[in-house]
Amino acid sequence: MNRTHSFRQLKIVGMFLIVMQANCIGQSSMMNPSGFKLHRGVNLSHWLSQNFGWSPKEIFITEQDIKFIDSIGYDHVRIPIDEAELWDTTGRPIDESFAFLTSCLNWCAKYNLRAIVDLHIIRSHYFNAVNEGGTNLLWTDTNAQKTFLHLWSDLSARLKKYPVSMVAYELMNEPVAENPEDWNKLIERGVKTVRTLEPQRVLLIGSNMWQTPGTFPQLKIPLQDPNIILSMHTYSPIFFTHHLADWVPSKGYKGPVHYPGQVVADADYNTFVKKDSGLVQVMKNAKEVWNKQRLAEELLPAINRAKELGLQLYCGEFGCLPHVDRNQRLSYYRDLISVFDENNIACCNWEYKGDFGIYSFDFEKKISLDPDVDLIHILTKK
């Protein structure tokens, strides 16, 4: 081996080590000091939040469910909770509901699963109020804001016994404020409330307007707090993922949808949309083309904001209803998971049991049936 060739090899090795060192530094700076690690998770919805009475709470989520979740490759669960499920109208805690929550956290500890306690819906704020004729008082009612902070003081008092490496808190699910500064101000107060009680607890915080990636540039969080994880949600393209859902503005569209490609083909648009003046406005973007590249582009504002702040980025909700072609649905999940992996984004699919769930779902009887093995393999890569 001549000296020139040897020098070139050493130079290449040296450059490789520098790159590896830089990558390690970048990765370590993205991990919170509390050691709360996330990779793949699933939402335990319709239990302590948005409970539609499909099944009694004591059998809807049991230790066997947590054991199963662990066995198929998930490392964490997100537990949505509603104010109305855990506190009565006088603000008094509902002991039975808190017992369900703490039992679940104990089961998670037994099977070495991390858990995110997500304050999903409060009486003064519901993320879908705008589509259901309701209003959110949280942004204008000082008493409602005090109640929000009190809920976190109460939660902290009950949950602070759990290790910070095992349980994290999500400040609020999908804030919807006309002025993003209203949410930013409440974030500051909420973080201060929890930090006074638990300085090292990991907090998950999303952006305004349903935590969509495009609103992350307006998100402000307390600086110099490394135990924060930024949490986004994505259901794009909504015309595909929420096809035939009865709670979205486009619910009147009954024609076919597609992924990848143009979500609503021109011929179908002309047949089903143009003839319905009410659909024209709400489905003006339905003819966009979506594929893996477009999914990645959708996430860029959140990815860039996380890099600016030096914080970990997490996707706490994503999913697609089974009303679409099965192969196309699986392709959507496969592409989105691939985008998450390529950008080092931990994720948590919506949901465990339910219409978006990892079980087949009987829409008439409202019960989950058999595990969807193909979907589970895509979501967990196991």
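Run the numbers for Ala129 and Asp362: contour at 0.36 nm per residue of separation, minus the present Cα-Cα distance, in nm.
My answer for the length gained is 81.2 nm.
Once the principal axes of the Cα atoms of region 76-142 are found, what is the range along each, listed largest first in whole angstroms?
42, 25, 21
With a ≥ b ≥ c taken as the square roots of the eigenvalues of the C-alpha gyration tensor of region 231-280, please select rounded if a/c is under 1.5 and otherwise prolate if a/b is larger than b/c or oblate if it is not?
oblate
Starting from the 7 Å offset along Cα-to-Cβ, what nm value, one decimal, do you get for the label separation of Thr196 and Lys275?
6.1
At 1.002 mPa s and 20 °C, plugging the Kirkwood radius over alpha-carbon pairs of region 147-288 into Stokes-Einstein gives what diffusion coefficient in µm²/s?
121
Using every pair of alpha-carbon atoms in region 34-101, split the distances into 5 Å bins beginning at 0 and state the percent of pairs per bin, rounded to integers.
Bins of 5 Å from zero give 3, 15, 22, 23, 17, 12, 6, 2, 0 percent of pairs.
Let me know the Rg and Dmax you get for region 115-163 when you use only its Cα atoms, in Å.
13.1, 41
How high is the FRET efficiency between Arg92 and Thr140 when r is their beta carbon distance and R₀ equals 22 Å, given to the nearest 0.05?
0.30
For region 79-90, in order, what is each residue's ³J(HN,Hα) by Karplus, 6.51 cos²θ - 1.76 cosθ + 1.60 with θ = phi - 60°, in whole Hz (x at glycine and Pro)?
Ordered by residue, 3J(HN,Hα) equals 10, x, 10, 10, 4, 5, 8, 10, 9, 7, 5, 8 Hz.
With θ set to phi - 60° and the Karplus curve 6.51 cos²θ - 1.76 cosθ + 1.60, what are the ³J(HN,Hα) couplings of region 290-295 in order, to the nearest whole Hz, using x for Gly and Pro?
Values, residue by residue: 10, 7, 4, 4, 5, 4 Hz.
For region 52-180, just the Cα atoms, rotate onto the principal axes and tell me the three extents in Å, largest first.
44, 30, 28
Which value, in nm² and rounded to one decimal, describes the direction-averaged projected area of the C-alpha convex hull of region 161-211?
3.5
Enter the mean projected area of the convex hull around the alpha-carbon atoms of region 196-242, in nm², rounded to one decimal.
Projected over every direction and averaged, the Cα hull of region 196-242 covers 4.2 nm².
Positive end of the dipole of region 146-267, charges at C-beta (+1 Lys, Arg; -1 Asp, Glu), about the Cα centre: which of His258, Tyr169, Asn179 has its Cα farthest in that direction?
Tyr169
Expressed in nm², what is the orientationally averaged projection area of the convex hull enclosing the Cα positions of the chain?
For the chain, the mean projected area of the Cα convex hull comes to 22.8 nm².
Return the long-range amide H neighbours of Met209 (sequence gap of 5 or more, or a different chain), with a cut-off of under 5 Å between placed amide H atoms.
Amide H neighbours of Met209: Val176, Ala177.
Using the Karplus curve 6.51 cos²θ - 1.76 cosθ + 1.60 with θ = phi - 60°, work out ³J(HN,Hα) for each residue of region 139-147 in order, rounded to whole Hz, and write x for Gly and Pro.
7, 10, 9, 5, 5, 5, 5, 5, 5
Amide H of Ile116 versus every other amide H placed in the peptide plane: which residues, excluding those fewer than 5 positions away on the same chain, fall under 5 Å?
Val77, Arg78, Ile79, Ala168
Determine Rg/Rh for region 242-360; Rg is computed over alpha-carbon atoms and Rh is the Kirkwood hydrodynamic estimate from the same atoms.
Rounded to two decimals, Rg over Rh is 1.00.
With only Lys, Arg, Asp and Glu charged, each at its Cβ (+1 for the first two, -1 for the last two), find how big the charge dipole of the chain is about the Cα centre; round to the nearest 20 debye.
So the magnitude is around 1340 debye.
Each value in this text was obtained by applying a stated rule to the coordinates, not by laboratory testing. This structure is a prediction, so every number in the text was calculated from the model and none was measured. Positions of Cβ are backbone-derived with ideal geometry, glycine not excepted, and every protein chain shown enters the neighbour counts.
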